[in-house]
Amino acid sequence: MSSKKILVMGNEAIALGAIRAGVRMAAGYPGTPSTEILEAIAKHNDGRIHVEWSVNEKAAMEVGAGAAYAGARTLVTMKQVGLNVASDPLMSLAYIGVKGGMVIVSADDPGPISSQTEQDTRTFGVFSKLPVFDPSSPEEACEMIGEAFEFSEKYQTPVLFRPTTRVCHACASIELPEAMQISEPEGFVKDTMRWVIFPRTSYLNHIRIEKRNAKLSETLSEYKRNFILEGDKKKGIVTGGISYAYTREVLPEGTPLLKISTPHPFPEELAVRFLKDLDEVLVLEELDPMIERQLLQIAGRRHLPVNIYGKLTGHTKNAGENSTESVRADIERFLNPAENAVSDELAADAPASDDIPELPVRPPVLCAGCPHRASFYAVKKAMKGKKAVFSGDIGCYTLGNAKPLDMVDTCLCMGAGVTIAQGLHAIEPDAVNFAFIGDSTFFASGITGVVNAVYNGNDIVLVVLDNSTTAMTGHQPHPGTGKTIMGDVAAKISIPAILRGIGVERIYECDPLNLNEAVNAVREAAQGSGVRAVIFRSPCIAVSRSEKCCEVKQETCRKCKVCIRELGCPAIVTEGDSVKIDATLCCGCGICASVCPFDAIGEVNCHE
Amino acid sequence: MNKNCLLCGVGGQGVVLASRLIAYAAMEKGYFARTAETIGMAQRGGSVVSHVRIGERIYSPQVPVGSADVILAFEAGEAVRCLPWLKKDGLVIADRRIVKPVTASLGGGNYSAEEMTGYLKKHADRLILVDGDAICREAGSSKVLNVALLGAAAQSGALGITPEEMLDAVRKNVKEKYIALNEKALMLGRKAGGM
Ligand code: SF4
Ligand code: SF4
């Protein structure tokens, strides 16, 4: 291996670090910002690693646990909300433990940028009593994941590894570490007391875990990635994760700093060493005030005369991301409170550059030619003037909530649309309740909801938006695609067959790009009771890009702009007074042609 | 050499690839590089920004406000949005075109290219406006704006990367069958950058 540095994205760095640590099992479910980790494992797999997109995070966690029981080094990946799905096995697994090293990567998303919540995996570490590793850069993540594997194996416990979006999606020049020498997994050794969870053993394990964590706190005080940068001031900073990087950008000379890479178990002795000579400490972290709480406890327990500031005291903001700018401002206010009180006022008075022109907001939209747009439009048209509620779900199709479609009335979490629709209908039975769900989400967590509806006789119209991929996270295969993450051919699981098996009798299947047929199917499905399903099948345009293209015939177009107002396709633009189609964006899906009342839109050959 | 570069545009314009190419070229010269990219929902037509940082003792993957040596803008309005990142005497290289979001087509506001470029002329210390339309037409593809902008940036010298080094990065990183096309685009960009 050459020592040449390569540019690697944080997620790929994590994957390469795991491969070098001898990972033999890698399972996960796609979710921004974690997705590329597993894809990179698949890309660099020499054939010895079992890599899979599991059907959801719970399945991934359990497949992983099995492999780790058998002694293999195991990586499980997901985004933070995925950890909620996997929390059932996680909580029990924390008691049982593992034999092969098992690292669970749960990527947090401060902001949030692409998530439903700003939850904090570090807090999950406290809740589950598991160790948490928190890298602050791609290069650190690459090395740290190997250390996490060794740590996990040494203490026979799964460990959490928590990068955030700005670590996952940043690239850095990295020199790859040497591969570790790992022995072959031993295989599963039967031992009921160890692998079968019982109340009695859980009680004993609980005692053992509390003892171990106290010990680990001491061990981790010596871990090289928890460290102090000495200074001569009486005011210090404590930070971890990406906030450490921001802090280092702006840290004034002489300011002592404590970096925390294992927020749980907290390296208490190290913290005491840091706190004991200081008067005041500012904690810079994202999401929960996790480090801040730990420091407060330690200061209380050890009677240290130090003031600790952070989110809990209002010294830093308690939601959203940090940045170099926010950290700089926080530190300035902390170090020179009096001066900054004045300059804050001045800043408020200073005139902003007021000639800045109004900039358009650019909310994300469904791609030009996205079949979801056609599906939503068909349902909208079919239900015009009728009382209907549209429950959405997680995926590109959440974007169907944007105007002009405005077709997503609820969205909560993976699979929830199917069940929320049932609850809504029970209270308001005169509405027709639609549940939109994508193909990948259907497999991940939609099926249970359909079983629930059939069993309880609940009335819903289930609309499966089947575009043959997991589009939002970058087009991963899933059980309905007939392909695995390694590109191998797999059994293709049929959604209509599942629905029939559950007992759904009325199933309409059609192509949403055929507007008339689609509208008729929805009209029929809206009638009657029980579970009725419409399956709209058309591939994601970002995967199978068509060569077709449409054009507005300027002589026929009456500039009524119905196409724009009804569809909101980003390829249809106004130029002065006239309506045009941007040929570089258009996919010729033809929906706008069906919508135009004057037949002014037609297909042309424009991708010569 | 420490350089900060911000690349901005609209999802789908090839911003990420351009930022990787700059980092690649810098690393070939032996420099440490960091980038930060917009991935996820915003790629569906939202505003996207890539940060590239080259040099020593850089910690944050994002360029701090007020410290970009160069802003490469794939869309004039996005250049305006990112202007606070430009450092004093920094250079803006921007396509003079705008991309209208659906919200603008639906009737809100008059979003005009002239207004955007006018603002840039007034507020950017150094500005190169590129005629992306003409370049793409001449190159024969609408997908080469990113490489053309890299050509302009390399020509300006503001990144510390020469046109030859940029060309090498392009050759080594784009698919074989697109190399000729991208070479042409790079050359057109260099001309726009004052060659
Ligand atoms: S045919 Fe019409 S609706 Fe479809 S992508 Fe082209 S412009 Fe958009
Ligand atoms: S990626 Fe596919 S599913 Fe997502 S908006 Fe684009 S066309 Fe639609």
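The values are calculated or read from the model by the stated rules, or taken from the named source; none is laboratory data. Here the structure is a predicted model, which means the values were calculated and not measured. With ideal geometry, Cβ positions are generated from the backbone for all residues, glycine too; neighbour counts draw on all protein chains shown. When the accessible area is computed, the model is the full protein with side chains, heavy atoms only, and any ligands, DNA or RNA have been set aside. Shrake-Rupley method; radii C 1.70, N 1.55, O 1.52, S 1.80 Å.
Some points to look at:
- Beta bridges from DSSP with both residues in region B:3-192: antiparallel share about 45 percent, rounded to the nearest 5.
- Listed by chain and number, the aspartates and glutamates whose alpha-carbon sits under 12 Å from that of A:Lys233, ignoring those within fewer than 8 places in the same chain, are A:Glu253, A:Asp277, A:Asp279, A:Glu280.
- Unit charges at the beta carbon, dipole of the protein assembly as shown: most positive-side option, A:Leu278, B:Ala23, A:Ala65: A:Ala65
- Region A:424-580: antiparallel DSSP beta bridges as a percent of all, rounded to 5: 25
- Using the Cβ of A:Met383 as centre and a radius below 14 Å, the other residues enclosed give a net charge of +3, where K and R count +1 and D and E count -1.
- Cβ-derived FRET efficiency at R0 60 Å, A:Glu230 paired with A:Asn516, nearest 0.05: 0.20
- Projecting the Cα atoms of A:Ser34, A:Ser137, A:Gly125 onto the charge dipole of region A:34-177, computed from C-beta unit charges around the Cα centre, puts A:Gly125 farthest toward the positive end.
- Taking only protein heavy atoms and a 1.4 Å probe, the accessible area of region A:371-537 is 53% carbon and sulfur.
- Where only C-alpha atoms are counted, convex hull volume of region B:13-109 per residue in Å³: 114
- Calculated diffusion of region A:227-342, Stokes-Einstein form, Kirkwood radius summed over Cα pairs, 10 °C and 1.306 mPa s, µm²/s: 113
- Between A:Lys492 and A:Lys384, the simple spin-label model (points 7 angstrom out along Cα→Cβ) gives 3.5 nm.
- Here the simple spin-label model places points 7 Å from the Cα toward Cβ, and for A:Asp279 and A:His44 these points are separated by 4.8 nm.
- Solvent-accessible surface of region A:371-537, averaged per residue with a 1.4 angstrom probe and all protein chains in place: 40 square angstrom.
- Within the straight-line cut-off of under 29 Å between alpha carbons, the lysines reachable from A:Lys235 are A:Lys224, A:Lys259, A:Lys276, A:Lys311, A:Lys317, sequence neighbours fewer than 8 places apart in one chain being disregarded.
- Cα gyration tensor shape of the protein assembly as shown, rounded if a/c is under 1.5, else prolate or oblate by comparing a/b with b/c: oblate
- Those residues of region B:76-112 for which accessible area with every protein chain present is at least 50 Å² below the isolated value (1.4 Å probe): B:Arg81, B:Lys100, B:Val102, B:Ser105, B:Leu106
- Cα gyration tensor shape of region A:548-605, rounded if a/c is under 1.5, else prolate or oblate by comparing a/b with b/c: rounded
- 222 nm mean residue ellipticity, helices alone, for the protein assembly as shown (DSSP H n ≥ 4; -39,500 (n - 2.57); rounded to 500): -11500 deg cm²/dmol
- Bins of 5 Å, starting at 0 and running to the largest distance - Cα pair percent for region B:3-192: 1, 9, 17, 22, 22, 16, 8, 3, 1, 0, 0
- Length gained when the stretch A:Trp195-A:Val272 is fully extended (0.36 nm per residue, less Cα-Cα span): 23.9 nm
- Antiparallel DSSP beta bridges within chain A, percent to nearest 5: 25
- Cross-link pairs beyond the 28 Å C-alpha cut-off, checked among A:Lys553/B:Lys177; A:Lys548/B:Lys177; A:Lys58/A:Lys129; A:Lys58/B:Lys175; B:Lys100/B:Lys121: A:Lys553/B:Lys177; A:Lys58/B:Lys175
- Length gained when the stretch A:Tyr203-A:Ser87 is fully extended (0.36 nm per residue, less Cα-Cα span): 39.8 nm
- Dividing the C-alpha radius of gyration of region A:358-427 by 2.2 N^0.38 Å, with N its residue count, gives 1.20.
- The residues of region A:548-605 expose on average 47 square angstrom of accessible surface per residue, using a 1.4 Å probe on protein heavy atoms.
- Pairwise label distance in nanometres, A:Met180 with A:Glu509, each label 7 Å out on the Cα-Cβ vector: 4.8
- Three-way shape call for region A:2-127 based on the alpha-carbon gyration tensor, with the a/c threshold at 1.5: oblate
- Dipole magnitude of the protein assembly as shown, debye to nearest 20 (Cβ charges: Lys/Arg +1, Asp/Glu -1, about Cα centre): 1000
- Residue-normalised accessible area of chain B, given per residue in Å² at a 1.4 Å probe: 39
- Summed buried accessible area for A+B [probe radius 1.4 Å, Å², rounded to 100]: 4200
- Residues of type aspartates and glutamates that A:Lys386 reaches as a straight line, Cα spacing below 13 Å, ignoring anything fewer than 8 places off in the same chain: A:Asp430
- Between region B:92-156 and region A:267-304, the alpha-carbon center distance in angstrom: 50
- The charge dipole of region A:538-583, taken about its Cα centre with unit charges on the Cβ of Lys, Arg, Asp and Glu (plus for the first two, minus for the last two), comes to roughly 140 debye.
- Contact order, relative form, for region A:548-605: 54 percent (alpha carbon pairs under 8 Å, 6 or more residues apart, mean separation divided by residue count).
- For chain A, the longest principal axis of the alpha carbon atoms and the long axis of helix A:447-456 meet at an angle near 60°.
- Among A:Ala542, A:Ala435, A:Val365 the positive-end extreme of the charge dipole of chain A (Cβ point charges): A:Ala435
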